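Reviewing the structure listed below.
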Amino acid sequence: MLIGYARVSTVDQNLDLQRIALAEAGCEKIFIEQMSGAVADRPELMAALGFMRGGDTLVVWKLDRLARSVKQLIETVENLRERGIAFRSLTEALDTTSAQGLLVFHMFSALAEFERNLIHERTRAGLSAARKAGRTGGRPPKMTERDIQAAKALLTNPKIGVNEVAHRLGVSTATLYRHIPAARTSIPDEPRS
């Protein structure tokens, strides 16, 4: 059975083109989604995948209707393949029921994996170069050394509690505890009377 899946991300987009193409391709049932492809939880796609059985074929008008990234596309089609479900994209003329279509899809997969590996290598090289230049990544610390010294001075006052010190410095108590671990055990949370 051919099952169609159509998706538009905004009300302005027209579904008619997708509907007509899927119907002309022979789809007996068409699931229609009005949601961004970036959203992971797409109810109509989940309904279509749940409806399908081994031997069925999922048909989309374009690859980007099914997935937002090559990684997401590969994972979805691999999941279909494991369940014995074929995949077709009308615009790209990709059909995993044929040997050529399966080959093209595997080439997409290999290229996507190659791209991920290149990105990983470039990221590692960039981080290594930054470390050699004396730079470290990540967020700058919320509290400066001056803030830590001020907090320690305030914490010596028995009338000022941890919450008040954090409030005065404009940080959360968790941040205060991260920079001054002793504040967690030696100073009460509430001011002393």
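The values are calculated or read from the model by the stated rules, or taken from the named source; none is laboratory data. Predicted model only: the values in this text are computed from it and were never measured. Ideal geometry is used to build each Cβ from the backbone, glycine not excepted, and the neighbour counts take in all protein chains shown. For accessibility, only protein heavy atoms count, side chains too; no ligands or nucleic acids. Shrake-Rupley method; radii C 1.70, N 1.55, O 1.52, S 1.80 Å.
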* Is it true that ALA112 is open to solvent by less than 60 Å² (accessible area, probe 1.4 Å) and touching a residue at least 40 places away in the same chain (Cβ under 8 Å)? -> yes
* To do: Evaluate the following for SER98: is it touching a helix residue (DSSP H, G or I) at 6+ places or on another chain (Cβ under 8 Å) and modelled with pLDDT of 80 or more?
  => no
* To do: Looking only at the range 126-134, decide whether some residue is closer than 30 Å to ALA67 by Cα and at pLDDT 85 or above.
  => yes
* Sort out which residues of the range 93-102 are open to solvent by less than 20 Å² (accessible area, probe 1.4 Å) and either in a helix (DSSP H, G or I) or over 18 Å from ILE3 (Cβ atoms) (or both), and write them in order of number. => GLY101
